[in-house]
Amino acid sequence: KVLTLNDFILCLSKSLVFSWLIVSIACFKGFKVGKGSEAVGLATTSSVVTSLFAIIIADCLFSLIFYFI
């Protein structure tokens, strides 16, 4: 009774956008990685930090959009 279909669709759409952001950023950083384990570690760290920042920005945009709807 508490969870409506609109809430369920909202949660699914947000999770799809967040997963798309993570995958696209990780692939982009992965294609640009150099040789060696140090380069892989730096690319992984950069990918995680960039993904977290992108998720925070996307969540803020979702909040603004759904606040005014």
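Listing for the model above:
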quantity	calculated
Matching residues, the range 28-47, being open to solvent by 50 Å² or more (accessible area, probe 1.4 Å) and either modelled with pLDDT of 95 or more or of a type in the set (Ser, Thr, Tyr) (or both)	37, 44, 45
Contacts under 8 angstrom Cβ, first residue in the range 1-29 being within 13 Å of residue 59 (Cβ to Cβ) and of a type outside the set (A, V, I, L, M, F, W, C), partner part of a helix (DSSP H, G or I) and open to solvent by 50 Å² or more (accessible area, probe 1.4 Å), 6 or more apart	14/59
Subset of the range 1-27 [part of a helix (DSSP H, G or I) and either in contact with a strand residue (DSSP E or B) (Cβ under 8 Å, 6 or more places away or on another chain) or open to solvent by 100 Å² or more (accessible area, probe 1.4 Å) (or both)]	5, 6, 8, 16, 20
Criterion violated by residue 59 - all others in (1) open to solvent by less than 70 Å² (accessible area, probe 1.4 Å); (2) modelled with pLDDT under 90 satisfied	(2)
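The values are calculated or read from the model by the stated rules, or taken from the named source; none is laboratory data. Since this is a predicted model, take the numbers as computed values, not measurements. FYI the Cβ positions are ideal-geometry reconstructions off the backbone, even for glycines, and counts take in every protein chain you see. Side chains are part of the model used for accessible areas, which takes the heavy atoms of the whole protein and leaves out ligands, DNA and RNA. Shrake-Rupley method; radii C 1.70, N 1.55, O 1.52, S 1.80 Å.
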